[in-house]
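The values are calculated or read from the model by the stated rules, or taken from the named source; none is laboratory data. Bear in mind the structure is a predicted one, so any value in this text is a computation, not a measurement. Cβ sites come from the backbone with ideal geometry, for glycine too, and all protein chains shown count toward neighbours. Accessible surface areas use protein heavy atoms only, side chains included; no ligands, DNA or RNA. Shrake-Rupley method; radii C 1.70, N 1.55, O 1.52, S 1.80 Å.
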Amino acid sequence: MLSFISNTQTKIIANKVINNERISPDDALFLFEKMPLHIVAYLADIVNVRINQQNVWFNRNFHLEPTNICIHNCKFCSYSRKKNQDGAWEHSIKEMLEIAAPYKGSLVTEVHIVGGVHPERNIDFYGELIYEIKKLLPGIHVKAFTAVELDHMIKKSGLSVFQGLKKLKEYGLDSIPGGGAEIFNSEIRKQICHEKSNADTWLNIHRQAHLNGIPSNATILYGHIENYAHRVEHLGKLRELQDYTHGFNAFIPLKYKNRNNLLSHIKEAVISEDLRNYAVSRIFLDNIPHIKAYWPMTGKEMAQLALEYGVDDLDGTIDDSTKIYSMAGSVEQKPEMTAGEMIELIKNAGKVPVERDSLYNIIRKY
């Protein structure tokens, strides 16, 4: 079966993957540095089919971005502004409900709420937002607030992490996204986002969320000043936490985009690098069921190609409701796809489109 592989180390790792054995961090580093991309893709597809068959998941969702005013000054960020700066916004709850109102009675099942770390807003402001959205859109799944946002609002309210998450759950929080992870290595983090919540804080917030019965996603920001060893370190910490809590639904590699930020001198990762990153993530994160290609970041064609490299989820319809990547120079300046377009894209890749809810329960197979 592996007669086309001549390198001994490649064959040893391939045998592990085929036999459903966990690969080591050193193996993952070899996948990044030395294994031919077509073999990495082949192995990633084996893992993906084992977990997800030929299914590719998507949902109907929209984003709410309460504010881009942020206390942090991350060098890679093209989105954040200071109060009264050109391009800054801070929506009131009333304004956000007006944005959400057109979805009443629609087939949308999820609202994704993230934004800047606002200096003044606390847990009760955001809790009230969740409560009012659920009154307006009964049955909607609220996936809201990165660990960095949560860290600030919970500290501002004088609560422990567990208490803060419990309170938000009582307001109606259903799950949390994976943003703010960036890269866990402390030295790299100091260079690109030194003010932001550190890796231990991010991991603890997700740990406490899982223990509170709040599932989450996980991310990595790659393609800036990190190296492959830093990526493997990051993936290792996620795999270790997932072994303990089993609370991560999906992993989303996020590509650094170099427009309008302090790292703009860095060239963006090439497509082959993006595809390798998806594939290695799929192989290494054997305990996280879904790998997502976030198409507003990658573009639609690239997201479709990623389905051959271990990806099984394309996020959602989004409806041109997020600016985070468009402000950084993404291909998709108006990110929106109809469910029909999503279904066609998946079928044209030879896969089975599966509309899901936020917890990957099947709504309909196409």
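Once phi is turned into θ = phi - 60°, what whole-Hz ³J(HN,Hα) does the Karplus curve with 6.51, -1.76 and 1.60 give for every residue of segment 143-148, x standing for Gly and Pro?
9, 8, 6, 5, 4, 5
If r is the Cβ-Cβ distance from Ser106 to Glu170 and R0 is 30 Å, what FRET efficiency results, to the nearest 0.05?
Given R0 = 30 Å and the Cβ-Cβ separation, E is 0.70.
Which lysines have a Cα lying under 19 Å from the Cα of Lys104, excluding residues fewer than 8 positions away in the same chain?
Lys94, Lys134, Lys135, Lys143
Scan around Gly316 for amide H atoms under 5 Å from its own, H built in the peptide plane at 1.01 Å from N, and keep only partners 5 or more places away or cross-chain.
Asn59
Whole number please: convex hull volume per residue of the Cα set in segment 165-243, in Å³?
Considering the Cα atoms of segment 165-243, their hull volume per residue is 84 Å³.
Taking the chain as a whole, which cysteines find no other cysteine Cβ under 4.7 angstrom from their Cβ?
Cys70
Could you give the length gained on full extension between His91 and Asn227, defined as 0.36 nm per residue of separation minus the Cα-Cα distance, in nm?
In short, 45.2 nm is gained.
Take the Cα radius of gyration of segment 223-315 and divide it by 2.2 N^0.38 Å, with N its residue count; two decimals is plenty.
So the Cα radius of gyration is 1.10 times the expected 2.2 N^0.38 Å.
Leaving out ligands and nucleic acids, and using a 1.4 Å probe, what accessible area per residue does segment 196-306 come to in Å²?
Value returned for segment 196-306: 34 Å² of accessible area per residue.
Please get the size of the charge dipole for the chain, origin at its Cα centre, with Cβ charges of +1 on Lys and Arg and -1 on Asp and Glu, quoted in debye to the nearest 20.
With Lys and Arg at +1 and Asp and Glu at -1, about 220 debye.
Sequence-distant or interchain residues sharing an amide H contact under 5 Å with Ile113, placed H: which?
Counting only residues 5 or more places away or on other chains, the set is Leu64, Lys143, Ala144, Phe145.
Please compute, for the alpha-carbon atoms of segment 1-136, the extent along each of the three principal axes and give them in descending order in Å.
Computed over the Cα atoms, the extents are 63, 39, 24 Å.
Provide the three semi-axes, in whole Å and in decreasing order, of the ellipsoid equivalent to the chain as defined by the square roots of 5 times the Cα gyration tensor eigenvalues.
Semi-axes, largest first: 32, 23, 20 Å.
Can you tell me, using C-alpha contacts under 8 Å and at least 6 residues apart, the relative contact order of the chain as a whole percent?
22
Across bins of 10 angstrom width beginning at 0, how are the C-alpha pair distances of segment 103-185 distributed, in whole percent?
18, 50, 26, 6, 0
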